[in-house]
């Protein structure tokens, strides 16, 4: 076969770039003017922050014939500010509360029942879980049959299934949306305050008392999102109050009350700010929510560009798939790398800055593996693919009304 003329080769990247731009413009044109693009951007940033955070602070160390989890925060406590950048779950719950409250209000305006709205929302939320559980059931069985050590199996399953705790809490708060849409965020905040006072101040109460904060702690940003949907957080003054008040409270709790500086769990630490959430994690989340609210206008202006909006829309289409499979993607690269021996930044102890540099170099491969997982399992979240000659229901639903109010 004759090779293409050299003069034709440089045009291929231009054609690909032109196709990408055309696709971005189609996505932009199919988005109604009433859609708040800042909400989608915040959701994408929150999930990608969690993914990058896990990839940077979670190490699988090959030792004594098994894989064990470790964290660079355990060996290098000065890296604690990294957790401040990537522990973004509060922003996700803020957006979740806002979207759920607005969705429920729209469903009621259409005459739909709360049960119908909740069924549709939970189906989209929980549908991707079945694929993850199926794959890891097969993987765990295979590992047992091939002689993998129990320690390795426990480590892998713990990492692979750890995203499910977040999903279950989020699903529970979603189910409670009809009851909490008008709940003042100060009430769950007061619960967290009293639980921590009993645990750390008075050293009273049963050992499970802290897990009350698993619901109350994340209910704080979720109810803030519902307040946002009601129009109560539109002023910059309220956003600044959340940011400065939350940051000041967190600084006092960490500096004077003995709370850990890391906003994620650190192996071997006596207290974790995340499992279960502490008052410091909740006040830190308030500061994050305030910053997110302050950035709304800038995000809307930035996402007026079709390419930027198309990238955000792409993440939002598979946000649960990305979240559920990012640990599996990291472990797939780690397991494949074992074929070449113990590789730095992948199988070695995270006890030096060199490990951090090597880990940063592995991130593109983690992203590639996650892209493969997304391509393989995104249909579980998005539902069955429509026939080619059938118009997109999503695009149709989001297009502005053109004929009659019925189409809205």
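Read the figures in this text as sums done on the coordinates, not as results from a lab. Everything quoted here is computed from the prediction, not taken from an experiment. Please note: Cβ atoms are built from the backbone with ideal geometry, for glycine as well, and neighbour counts cover all protein chains shown.
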In Å, the C-alpha Rg and Dmax of the chain are 23.0, 81
Counting only Cα atoms, I'd like the Rg/Rh figure for the stretch 222-358, Kirkwood definition for Rh. 1.06
For the chain, built as a Gaussian network whose Cα springs stay under 10 Å, the top-fluctuating residue of 234, 25, 203: 203
Over the Cα atoms of the stretch 90-213, what radius of gyration and what Dmax do you get, in Å? 19.5, 58
Under a 10 Å cutoff between Cα atoms, tell me which one of 64, 40, 28 has the largest fluctuation in the Gaussian network model of the chain. 64
So how do 279-291, 249-261 stack up, highest first, on mean other-Cβ count within 10 Å? 279-291, 249-261
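Sort 264, 356 by Cβ crowding within 10 Å, fewest neighbours at the top.
Ascending Cβ contact count within 10 Å gives the list 356, 264.
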What number do you get for the stretch 1-142 when its Cα radius of gyration is normalised by 2.2 N^0.38 Å, N = residues? 1.59
Residue order, fewest to most surrounding Cβ atoms within 10 angstrom, among 113, 238: 113, 238
Out of 115, 41, 311, a Gaussian network model of the chain with alpha-carbon springs under 10 Å gives the largest mean-square fluctuation to 115
Relative contact order %, the chain, counting alpha carbon pairs below 8 Å whose residues are six or more apart: 27
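Return the ratio Rg/(2.2 N^0.38 Å) for the stretch 212-273, where Rg is computed over Cα atoms only. Each step should come with its number before you reach the end.
Working: Rg = 14.5 Å, N = 62, 2.2 N^0.38 = 10.6 Å.
Dividing the Cα Rg of the stretch 212-273 by 2.2 N^0.38 Å gives 1.37.
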Return 208, 355 ranked ascending by Cβ neighbour count within 10 Å, so the fewest neighbours appear first. 208, 355
